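The structure appears right after this line, and notes come after that.
The values are calculated or read from the model by the stated rules, or taken from the named source; none is laboratory data. Fair warning: this is a prediction, and the values are worked out from it, not measured in the lab. Cβ placement follows ideal geometry from the backbone for every residue including glycine, while neighbour counts extend to all protein chains displayed. These accessible areas exclude ligands, DNA and RNA; they are computed on the full protein's heavy atoms, side chains included. Shrake-Rupley method; radii C 1.70, N 1.55, O 1.52, S 1.80 Å.
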Amino acid sequence: MASLIHLLLCSSLAMAMAVAANFYQDFDLTWGDGRAKILNNGQLLTLSLDRTSGSGFQSKKEFLFGKIDMQLKLVPGNSAGTVTAYYLSSQGPTHDEIDFEFLGNLTGDPYTLHTNVYTQGKGNREMQFKLWFDPTKDFHAYSVLWNPRHVIFMVDGTPIRDFKNLESRGIPFPKNQPMRIYSSLWNADDWATRGGLVKTNWNNAPFTASYRNFNADACVWSSGISSCAPRNSSSAVPAAARGWWSQELDTPSQDRMRWVQKNYMIYHYCTDLKRFPQGFPPECSMT
């Protein structure tokens, strides 16, 4: 009986946690003239794109480190020319940014998942993947683990990329600028699908992407102060320290990431000789 009560309490707690996040509370619809919608009492958000406009949203809060999760279901069918962008970014010419971008394709062809990391306004760190499932049939979780030592991209909990802090060797790392979460659905048929060869078919519009189950276990930045700030100056560990603060990939997780990169990675900037004829970026020889 005690076990049953414990199970019910855990189930109730899990349910409370599951419904705690609410798109009305957590995000602002920023553009699209009604094409972005919050539905189901704040539990679902949709973005749409038609010939006139796309749409987008951004988080109300800024974060400086955290574990950010969102489930997305991408535009189905012939999505060629469309881009669904989901990313964290600060502002200004020396901004930091952590990108997921989903490049649409012809019906039956896989999406391209495009990732990038900007530090101090400079990106050019693209890695691209084909997914091992159809991201239009159901919701899948796309996560960023961002702590002082790593930026780890994950899909359904499987790590696909680990951008490490190599500041000690002269490589900038995003650690000083708080970022908001952004997402947008827009037309990029000048480059998105096969380098712009396949254009958007507006007969299929409106194109719609859906979002649910947002969660941010993160340090909220407000008025120049982090919610994870130490309670006293002698403390070396954030007052709101959680498992993600010092998390890195263990051996099984590294093996899973290598499996993804071996079987599903289609582009890595550190192997593009044509792009970097004078030599690869310095981090390419350090990771």
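Brief remarks on what is shown
- One residue from Phe23, Phe27 being touching a Ser or Thr at 6+ places or on another chain (Cβ under 8 Å), modelled with pLDDT of 95 or more, aromatic (Phe, Trp, Tyr) and open to solvent by less than 30 Å² (accessible area, probe 1.4 Å): Phe27
- Checking Ile171 against (1) buried (at least 19 other Cβ atoms within 10 Å of the Cβ); (2) in contact (Cβ under 8 Å) with a residue 60 or more places away in the chain; (3) touching a helix residue (DSSP H, G or I) at 6+ places or on another chain (Cβ under 6 Å), the condition it does not meet: (1)
- When the test is whether a residue is open to solvent by less than 40 Å² (accessible area, probe 1.4 Å), assigned to a loop (DSSP other than H, G, I, E, B) and under 18 Å from Gly32 (Cα atoms), Val75 passes it.
- Residue pairs meeting the criteria (Cβ under 6 Å; at least 6 apart or on separate chains; first over 10 Å from Leu185 (Cα atoms), in region 36-52; second open to solvent by 30 Å² or more (accessible area, probe 1.4 Å) and assigned to a helix (DSSP H, G or I)): Ile38/Tyr24; Gly42/Tyr24; Arg51/Trp202
- For His114, the conditions (1) in contact (Cβ under 8 Å) with a residue 24 or more places away in the chain; (2) surrounded by fewer than 21 Cβ atoms within 10 Å (Cβ to Cβ) all hold with the exception of (1).
- Leading residue by the ranking (least open to solvent (accessible area, probe 1.4 Å)) among those in region 33-45 that are in contact with a strand residue (DSSP E or B) (Cβ under 7 Å, 6 or more places away or on another chain) and in a loop (DSSP other than H, G, I, E, B): Ala36
- Checked against the criteria, His140 does not count as open to solvent by 10 Å² or more (accessible area, probe 1.4 Å), touching a residue at least 24 places away in the same chain (Cβ under 8 Å) and farther than 24 Å from Pro76 by Cβ.
- Subset of region 198-226 that is at positive phi and without any contact (Cβ under 8 Å) to a residue 60 or more places away in the chain - its residue that is most open to solvent (accessible area, probe 1.4 Å): Ser223
- When the test is whether a residue is in a strand (DSSP E or B) and crowded, with 20+ Cβ neighbours inside 10 Å, Val83 passes it.
- Met1 surrounded by 10 or more Cβ atoms within 10 Å (Cβ to Cβ) and modelled with pLDDT under 95: no
- Filter result for Ser48 (surrounded by 14 or more Cβ atoms within 10 Å (Cβ to Cβ), among the small types (Gly, Ala, Ser), at pLDDT 95 or above and touching an Asp or Glu at 6+ places or on another chain (Cβ under 8 Å)): no
- Selection count where residues are out of contact with any Gly (no Cβ under 9 Å at 6 or more places or on another chain) and either in contact (Cβ under 8 Å) with a residue 40 or more places away in the chain or outside any strand (DSSP E or B) (or both), scope region 89-101: 5
- Cross-chain or 6+ apart pairs with Cβ under 9 Å, region 269-287 first and within 16 Å of Phe163 (Cα to Cα) and of a type outside the set (Phe, Trp, Tyr), then open to solvent by 80 Å² or more (accessible area, probe 1.4 Å) and in a helix (DSSP H, G or I): Cys270/Ser285; Pro282/Arg169; Glu283/Arg169; Cys284/Thr271; Met286/Arg169
- Residue ID - farthest from the chain's Cα centre (by Cα), chosen from residues in region 115-144 that are small (Gly, Ala, Ser) and farther than 19 Å from Ala192 by Cβ: Gly121
- Residue within region 55-62 that is open to solvent by 60 Å² or more (accessible area, probe 1.4 Å) and at pLDDT below 95 present: no
- Checking each residue of region 150-159 against the condition of being without any contact (Cβ under 8 Å) to a residue 24 or more places away in the chain, under 15 Å from the mean Cα position of the chain (by Cα) and surrounded by fewer than 16 Cβ atoms within 10 Å (Cβ to Cβ) gives at least one match.
- Residue that is under 25 Å from Ser223 (Cα atoms), open to solvent by less than 50 Å² (accessible area, probe 1.4 Å) and not charged (D, E, K, R), where the choices are Leu166, Leu185, Leu145: Leu145
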